[in-house]
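Notes follow once the structure below has been shown.
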Amino acid sequence: MRLSDFGFTEGINEVIVVTIGEFINTAPIGIIVENPESDIAKAKIYPSHTRENIEKGSKVYANITNDPIVFAISAFDDLSEEYFLSLNPPILKSALAYCEFDAKISGSYVELKLLGGRVISKSIRAVNRGFNALIEALVHATRYRIFKSRDLLDKILYYKRIVDKCGSKREREAFKILMKKIGLTEKF
């Protein structure tokens, strides 16, 4: 079993990670893959519920999805049970695949070893610039909520223009969620 079997490629692969603690925690995480033909990866991990759950022994369940709404909501809040196909293992309704990883914290990273998983759908989707711009904007938005930097806001607004031009209705709807979560209205 290899990471590539589940769609992972070399570089940073954005997925929705689920960890289990006192509650089900969901968050977009960039899984860093050096060799997609292996079963080893890592992710930068910041102080968060995700990190706390891993430190307490939770496995990491990576859901591979291309649902912009799921990314937007989970960047700021945990997904409710209505978004799940299954809670054991935790599989999102929108998952194209899911993987279970053993997880070990090592400094500011979590080391991941693939234990299993399943490909749910082999649906094909062309690259959508709006979706990719949304993902980049979400990375900046989670940081903007902490630092309130004008530079981060400018980056978010730059990606908003791409989403408005290139994204589908779902990407534009997801961007509205992002803007609301960082306290901005649609005036931009």
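The values are calculated or read from the model by the stated rules, or taken from the named source; none is laboratory data. The structure displayed is predicted, hence computed values, not measured ones. Note: ideal-geometry Cβ built from the backbone for every residue, glycine included; neighbour counts use all protein chains shown. For the accessible areas, the whole protein counts, side chains as well, though only heavy atoms, and no ligand, DNA or RNA atoms are used. Shrake-Rupley method; radii C 1.70, N 1.55, O 1.52, S 1.80 Å.
Take the residues in segment 144-169 that are farther than 19 Å from Ala27 by Cα and among the basic types (Lys, Arg), then tell me which one is surrounded by the most Cβ atoms within 10 Å (Cβ to Cβ).
Only one residue tops the list, namely Lys160.
So which of Ile40, Ile54, Ile12, Ile45 ends up being in contact with a strand residue (DSSP E or B) (Cβ under 8 Å, 6 or more places away or on another chain) and at pLDDT below 95?
Details: Ile40 fails: at pLDDT below 95; Ile54 fails: at pLDDT below 95; Ile12 fails: at pLDDT below 95.
Unique residue meeting the criteria: Ile45.
Only residues in segment 135-158 that are farther than 15 Å from Glu171 by Cβ count as the first member; pair them with residues that are among the charged types (D, E, K, R), Cβ under 7 angstrom, at least 6 apart or cross-chain, and list the lot.
Matching pairs, first to second residue: His140/Lys155; Leu152/Arg143.
Pairs under 6 Å by beta carbon, first residue under 24 Å from Ala75 (Cα atoms) and assigned to a loop (DSSP other than H, G, I, E, B) in segment 28-45, partner of a type outside the set (A, V, I, L, M) and at pLDDT 95 or above, six or more apart or different chains?
From residues that are under 24 Å from Ala75 (Cα atoms) and assigned to a loop (DSSP other than H, G, I, E, B), the pairs are Ile45/Arg51.
Filter segment 74-92 down to the residues that are aliphatic (A, V, I, L, M) and more than 13 Å from Val15 (Cα to Cα), then identify the one that is least open to solvent (accessible area, probe 1.4 Å).
Initially, segment 74-92 is screened for residues aliphatic (A, V, I, L, M), giving 75, 79, 85, 87, 91-92.
Checking which are more than 13 Å from Val15 (Cα to Cα) leaves us with 79, 85, 87.
Working: Leu79: 11, Leu85: 111, Leu87: 70 Å².
The residue in question is Leu79.
Taking only segment 97-143 into account, find how many residues are polar (S, T, N, Q), exposed (fewer than 12 other Cβ atoms within 10 Å of the Cβ) and either touching a His at 6+ places or on another chain (Cβ under 9 Å) or farther than 20 Å from Leu3 by Cβ (or both).
Residues flagged as polar (S, T, N, Q), exposed (fewer than 12 other Cβ atoms within 10 Å of the Cβ) and either touching a His at 6+ places or on another chain (Cβ under 9 Å) or farther than 20 Å from Leu3 by Cβ (or both) within segment 97-143 amount to 1.
I'd like to know if segment 99-117 contains one or more residues that are under 14 Å from the mean Cα position of the chain (by Cα) and either over 28 Å from Ile146 (Cβ atoms) or not charged (D, E, K, R) (or both). Lay out the reasoning, then the answer.
Initial filter on segment 99-117 (under 14 Å from the mean Cα position of the chain (by Cα)): 99.
Pick out the ones that are also either over 28 Å from Ile146 (Cβ atoms) or not charged (D, E, K, R) (or both) and you get 99.
Yes: segment 99-117 contains one or more residues that are under 14 Å from the mean Cα position of the chain (by Cα) and either over 28 Å from Ile146 (Cβ atoms) or not charged (D, E, K, R) (or both).
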